[in-house]
Amino acid sequence: MSERFDFAHQNQFDSAHHEQFSPAYRRLLSSGELNQRARAARALLGSCTLCPRNCKVDRLQGETGTCRTGAEPVVSSYGPHFGEESPLVGHGGSGTIFLTNCNLNCIFCQNCDISQLGVGEEVTLNALAEMMLSLQRRGCHNINWVTPTHQMPQLLAALEIAAEKGLDLPIVYNCGGYESVEALRLLDGIVDIYMPDAKYGNNESGRRLSRVPDYWDRCQEALAEMHRQVG
C-alpha cells in the first residue's frame, strides 16, 4: 500500500512540477530576443566561424567548409530515442533530431554514414520546426539536437517557428565538444541542457583521431561557457 501511495504521490509531484516548468527559450520568444539571436547566428554563416575550425566560407552563398553543409538544414532522421541517459528518456523518450554532417572527422564515429557520408535530406525551416512539434505531440520529454554545432543557426530559426506554434519542451544540445565560445554565447538562455561529448583530454589525441589540432584547448573553453550558462 505504501509503495503504491509513494508512486502516486511522486506522479502528482512530477505532474505539478512539469506544469510549472517553462523552457528557457519561451522567455526570449516573448521579448523578441530569440529572433535577434537567430538572426545573429545566421549572420555567422556569411563567413563561417560556428566552430573553432573557422573555415570562413560564405555558406549563405552556397560555399561549404569542413562540415560540407550550406545554409539550409540537413536532417538524417528524428523520433523518440530510448538510448540516451535515463533522465532524458523518461517514459516517452528523448525527442532526437539527428543532423547530417559534422565539424569533426572522428575515425571511430559510430554514425559515420550520417556524419561523414552525408546521409540525410535538406529540409525547410518550417519542416524542421514541424519535426520538433511532432516530437512534442508524440510525448517526448525534450528536443534533443544531435550534432548541432554546424547547423545551430538553422536550428534557432526553426525553434522560433516551433515556439510560436506552441513548442514547450526543453532543448538538449548534444554536441561533440569542439565548439566556438562566440557561438555558444548565442545559446545562453535558449539551451536548457548541454550534453557535450568531451572526447579527449589532450590535443594530440584530437589531432590523431578527429583531425583537429586544438580539440582539448577549445573543449575546455566550451565546457566553461556551458557551465556558466546552465551550471
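Applying the selection to the range 43-58, what residues are under 19 Å from the mean Cα position of the chain (by Cα) and more than 11 Å from HIS150 (Cα to Cα)? Steps first, answer last, please.
At the first step, the residues of the range 43-58 found to be under 19 Å from the mean Cα position of the chain (by Cα) are 43-45, 48-53.
Correct list: ALA43 only.
Are any residues in the range 162-188 buried (at least 17 other Cβ atoms within 10 Å of the Cβ) and either at positive phi or of a type in the set (Ser, Thr, Tyr) (or both), and if so, which ones? I'd like the intermediate steps shown before the answer.
Initial filter on the range 162-188 (buried (at least 17 other Cβ atoms within 10 Å of the Cβ)): 162-163, 167, 169-180, 183-184, 186-187.
Within the range 162-188, TYR173, GLY177, TYR178, SER180 meet the criteria.
Could you check THR49 against (1) surrounded by 18 or more Cβ atoms within 10 Å (Cβ to Cβ); (2) in a loop (DSSP other than H, G, I, E, B); (3) in contact (Cβ under 8 Å) with a residue 40 or more places away in the chain and say which number it fails?
(1)
How many residues, within the range 127-160, are of a type outside the set (A, V, I, L, M, F, W, C), part of a loop (DSSP other than H, G, I, E, B) and touching a strand residue (DSSP E or B) at 6+ places or on another chain (Cβ under 7 Å)? Lay out the reasoning, then the answer.
Of the range 127-160, the ones of a type outside the set (A, V, I, L, M, F, W, C) are 130, 134, 136-139, 141-142, 144, 147-151, 153-154, 160.
If we keep only those that are part of a loop (DSSP other than H, G, I, E, B) as well, we get 138-139, 141-142, 147-148.
Among the residues that remain, those that are also touching a strand residue (DSSP E or B) at 6+ places or on another chain (Cβ under 7 Å) are: 138, 141-142, 147-148.
Total satisfying the criteria: 5.
Checking ASP197 against (1) without any contact (Cβ under 8 Å) to a residue 24 or more places away in the chain; (2) under 23 Å from ILE97 (Cβ atoms); (3) surrounded by 15 or more Cβ atoms within 10 Å (Cβ to Cβ), only one condition comes out false. Which one?
The failed condition is (3).
Being surrounded by fewer than 23 Cβ atoms within 10 Å (Cβ to Cβ) and either among the polar types (S, T, N, Q) or more than 16 Å from the chain's Cα centre (by Cα) (or both) is the filter here; which residues of the range 131-155 pass it?
Selection gives SER134, GLN136, ARG137, ARG138, GLY139.
Could you list all residues from the range 165-191 that are of a type in the set (A, V, I, L, M) and in contact with a Phe, Trp or Tyr (Cβ under 6 Å, 6 or more places away or on another chain)? Spell out how you get there, then give the answer.
Kept after step one, since they are of a type in the set (A, V, I, L, M), are these residues of the range 165-191: 167, 169, 171-172, 181, 183-184, 186-187, 190-191.
Hits for the range 165-191 are ILE190, VAL191.
Could you tell me whether any residue of the range 98-108 is surrounded by fewer than 19 Cβ atoms within 10 Å (Cβ to Cβ), farther than 30 Å from PRO213 by Cβ, of a type outside the set (Asp, Glu) and modelled with pLDDT of 95 or more?
Residues of the range 98-108 surrounded by fewer than 19 Cβ atoms within 10 Å (Cβ to Cβ): 105, 107-108.
Going one step further and asking which of them are farther than 30 Å from PRO213 by Cβ, we end up with none.
No.
Based on this model, can you work out whether GLU179 counts as modelled with pLDDT of 95 or more and either among the β-branched types (Val, Ile, Thr) or in a helix (DSSP H, G or I) (or both)?
On the way: modelled with pLDDT of 95 or more: yes; either among the β-branched types (Val, Ile, Thr) or in a helix (DSSP H, G or I) (or both): no.
No; evaluated as a whole, the condition is false for this residue.
The values are calculated or read from the model by the stated rules, or taken from the named source; none is laboratory data. Nothing here was measured: the structure is a model prediction, and the numbers come from that model. Positions of Cβ are generated from backbone atoms using ideal geometry, with glycine treated the same way; all protein chains shown enter the neighbour counts.
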